[in-house]
Structure formats: C-alpha cells, structure tokens
Amino acid sequence: MQALKGFKDILPDEVVIWQRVEEKARDIFQRFGFEEIKVPILERTELFARSIGEATDIVEKEMYTFTDRNGESLTMRPEGTAPVLRAFIEHALHLRRPVSRLFTIGPMFRHERPQKGRLRQFHQLSVEALGADHPRLDAEVIAMAWLLAVELELTVSLELNSLGCPECRPDYRRQLVDYLQARREQLCDDCKRRASSNPLRVLDCKSANCRRINADAPSILDALCGPCRQHLEAVRHDLDALAIPYRLNPFMVRGLDYYNRTTFELLTDALGAQSAVGAGGRYDGLIKQLGGQDLPGIGFAMGMERLVLLIQERQQITPVGPDLFIACLGEPAAAYGFTLLHQCRSRGLRAAMDLQGRGLKSQMKQADRLGARRVLILGEDELNQGRAVLRDMTDKSEKSVVLSDDQGELLSALAGTN
Ligand code: ATP
Ligand code: MG
C-alpha cells in the first residue's frame, strides 16, 4: 500500500524542521498579539464557494468535495481563511476585542498537479486580523510575515499591489476586458474563458502567450480611486519606515476572489515554478458576505512545505539526542537502570537505555548513534560500590558519580548538559 499521489508522509528527520518552523511562527505571531485557533478540516462546500469565488481554479477544479452519508455536500478545506471567518462569526469573536488577531496551522487540500513544493495535502500557517481597515494594520501584518522569513533566515522578496475596491475595480475590470477581448484569439483556452468570467485571473496565467499579452495590459494602479490610492500610499510609507523592501507589482492578482486593496506575496527563486512561499491581502467585504457583520479584515498564508524545503536546502538539522544513555551490564544493573531511567525522565531529561540485552560495546554504539550527550555505565561492580562512571560523549571525559536514592549527584552532573 502506498500513500496517495500528492499526499506525503513527513518522516521524523523532517519533522524536526517542521517543529522549528512552527515554533518560530508561534513565537513571532504571539509577539504581534495573534492567538491560535483550531478549526475543522471539513466544512460545507457552500462556505468555500461563497468566499473563494465560483470562477476560481480552486473552486472550479481543485476542491476535494463529496456528498456525505446525509446527502450533504462537504469539502476538505482548500485554505484557512473561510473556516476561521466562519468560526469568528459563529462565536461572535468580534465582541472579545476590537481587532481579532487569529492564526491557525494545519493541512489544506487541493487537487493540483503534484510537483516539488506543490502537493494535494499541504500545510499552511494561516493568519487573519479582523476588525480594522487602517493601512497600518496591513503594514503590521506584512511586517510579521517578513519577520518570520527573516528569522528563519530565508531569502525572499516582497511584492505589493492593490486590487482596488468595489468603487474602482469595476472600471478597471472593464478596461481589462476590452484589452483582453481585442486579443482574445492569442489567449490560452483557459484564459479565453476567464477573459469574460474572471478577467483578473488572466493576469495570473503562466502560459507564455498570455504572459506576453499581460505585460502590456492596463495597470490597476492607474485605475485606483482616491481612497484606495491613499490606502496604498500609507501602507508603502509604513513599510518604508520599517525598512522592509518591496516591489510594486500591478499584475499580481490572487487566486481567490475575496481580496480588495492590499495584496502581497513573499517570493523565492529557489523552488522553481513554486515561487510563492506566502501570500495574502485585505478582504473587507468577506465577513459580511459570509453572514457576519460588516467588518474589514486582512490575512495571509504561508506554505509550510515550501518553508521547510528552503530550510532543507540551506542546512541540515539533526534531531536532538538524549541527555543520558544508561548502559547496563547484567539484569540487576538493568533493573536498577530502568528505575533510574524513569527518575531522569520525571526530572525532565531525555533518557534512553537498551532493552535488548546487548553488550557494552554495542550499547555505546547505540548511544553514539542516538546522539546521546552522556552515558552512564552501570555494571554489577558499580551497583555494589554505589558509584558509576558518567562519560561525556563530546569530549570523552569521564567522572565517577555516587548512586543514591535521589540520584542527586548524577542529576546535578547532568544539569550541566543542557
Ligand atoms: P501558487 O501560485 O503557488 O499556486 P497560491 O496563490 O495558490 O500559490 P495561496 O492560496 O495564496 O497560494 O496559498 C498561500 C501559500 O500556500 C502559497 O504561497 C504557497 O506557499 C502555499 N501553497 C499553496 N498551494 C500549495 C500546494 N498545492 N502545495 C504546497 N503549498 C501550497
Ligand atoms: Mg495555486
């Protein structure tokens, strides 16, 4: 039996990197006042159709949707924003604080063509700030994503755009439709369709012909209304103040329909076609559209697999080995060692011993392979004398420690290893 295509086992050696990324993300998000929320993987299909948009790739062809035993259409979440907003509305979280700062970490599902950094089950760090439309919040959220990349020591670049608002976007949309209709014959088949159903999506097309046409398309930045222009200027001003470098990209549109005003992406050139490590933007109408109050919001998501790949390309991370390996010779020593093992673990130490009755030499090898920092060597003589040898595996030095009921001497010798 094998895992499904696009579904991946994450083995222990790699999990070490995942844990580091998650730990760093939680640390940084909490510094910015974000709280973790956990939401279900399965939701009603309608939630995604209504938020992401019917005419998007995700809803049209990527969702894992099925009818459950009650005849209801359910979908494995393809992204985190819709479920978090559903929970926000359902539990009236807007009453808790003026701006709700929430994040969630977990698997998402999209039926795409699997490649390096592109899976069908992938994982996102998904962040939402709900309740304020101040441009400073946009800068703050972008700064948080940026800081995560910086502290993970990743080389990424930031692209920024504004998608306007219901006041100015229809105008831009018309301009774009005119431009695309005049060149319709040169577009790829998907874009021929999109050119009328969802013209902004054409700007995101990866095919060579469409890209050539897109390069001369009208720029949304020229079409922004006054307030949208001011909003963008304010975001740029605050990013400059924080010395966060970015490039304006008027052709960056997102794959989800709910965005307005600020959108941004964090890009890498180290993962081939999978260049986005994170992306997000403002979605001021979305909470209302999902049946909640008319509250603005902004968020982003970062792809865990891509973050992990970038770290793997740069450095090797080895799992943390035990603080102590207890090497025992003979059953009385093993029985004594076993209680000592539990004592150490109860005191917060990582401790290990062999359970297969191996000889001393192979126990030492095992300790080495596990990356143990110290080994306590326990034989019958040691038990009788009430002392044992503690070997430091890094510098090979040895010292004798007294064995006592509370193992005080051993534990204080080990305390220096952390
Ligand atoms: P892409 O252009 O690479 O398809 P996207 O615009 O569809 O990305 P979003 O929906 O904005 O991506 O999701 C945010 C982040 O989640 C992406 O920047 C990426 O790092 C990650 N991501 C998206 N889809 C996948 C996937 N299929 N496999 C792995 N990571 C993904
Ligand atoms: Mg995609």
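The values are calculated or read from the model by the stated rules, or taken from the named source; none is laboratory data. Keep in mind it's a predicted model, so treat the numbers as computed, not measured. Neighbour counts run over all protein chains shown; Cβ positions are idealised from the backbone, glycine included. Ligands, DNA and RNA are excluded from the accessible area calculation, which covers all protein heavy atoms including side chains. Shrake-Rupley method; radii C 1.70, N 1.55, O 1.52, S 1.80 Å.
Relative to the longest principal Cα axis of the chain, at what angle does helix 226-241 sit, 0 to 90 degrees, rounded to 10?
Around 30 degrees separate the two axes.
Specify whether the C-alpha gyration tensor of segment 138-272 places it in the rounded, prolate or oblate class, a ≥ b ≥ c being the square roots of the eigenvalues: rounded for a/c under 1.5, otherwise prolate if a/b is larger than b/c and oblate if not.
On the way: a/c = 2.64, a/b = 1.47, b/c = 1.79.
Oblate shape, in that a/c is at least 1.5 and b/c is the bigger or equal ratio.
Please list Ser400, Ser412 in order of solvent-accessible area, largest first, computed with a 1.4 Å probe with all protein chains present.
So the residues, ranked largest to smallest area, are Ser412, Ser400.
Taking the Cα centre as origin and putting +1 on Lys and Arg beta-carbons and -1 on Asp and Glu beta-carbons, what dipole magnitude results for the chain, to the nearest 20 debye?
820
Please report the carbon-and-sulfur percent of the accessible area for the chain; probe 1.4 Å, protein heavy atoms only, DNA, RNA and ligands left out.
49
Would you mind telling me which residue in Leu47, Leu340, Leu74 has the biggest mean-square fluctuation in a Gaussian network model of the chain, where springs connect alpha carbons within a distance under 10 angstrom?
It is Leu340.
So what's the angle, to the nearest 10 degrees on a 0 to 90 scale, between helix 12-31 and the longest Cα principal axis of the chain?
Approximately 60 degrees, to the nearest ten.
In whole Å, how far is the Cα centre of segment 98-124 from that of segment 52-72?
Rounded to whole Å, the Cα centres lie 16 Å apart.
Not counting ligands, DNA or RNA, and with a 1.4 Å probe, what is Asp68's accessible surface area in Å² rounded to the nearest 10?
40
Give me the orientation-averaged projected area of the Cα convex hull of the chain, in nm², one decimal.
26.7
Based on alpha-carbon atoms only, what is the radius of gyration of segment 324-415 relative to the globular estimate 2.2 N^0.38 Å?
With N residues counted in segment 324-415, Rg over 2.2 N^0.38 Å equals 0.96.
Check Ser162: other-chain or 5+ apart residues with amide H under 5 Å from its amide H, H built from backbone geometry?
Close amide H contacts, sequence-distant or interchain: Thr263.
Tally Lys/Arg at +1 and Asp/Glu at -1 over every other residue whose Cβ is under 12 Å from the Cβ of Gly379; what's the total?
Overall, the nearby charge balance is -3.
Positive end of the charge dipole of segment 324-415 (Lys, Arg +1 and Asp, Glu -1 on Cβ, about the Cα centre): tell me which of Leu383, Ser404, Leu370 has its Cα farthest that way.
Highest projection toward the positive end goes to Leu370.
Hey, what number do you get for the chain at 222 nm if only DSSP H runs of n ≥ 4 count, each worth -39500 (n - 2.57), divided across all residues, to the nearest 500?
Taking each H run of at least 4 residues, the total per residue is -11500 deg cm²/dmol.
Using all C-alpha to C-alpha distances in segment 14-81, build P(r) with 5 Å bins and read off the rounded percent in each one.
Histogram of Cα-Cα distances, whole percents per bin: 4, 14, 18, 15, 13, 14, 14, 6, 1.
List nothing, just return the count: lysine pairs in the chain, 8 or more apart or interchain, with Cα separation under 26 Å.
Taking the Cα cut-off of 26 Å, the pair count is 21.
In what sequence, largest accessible area first, do His134, His94, His231 appear using a 1.4 Å probe?
From most exposed to least exposed: His134, His94, His231.
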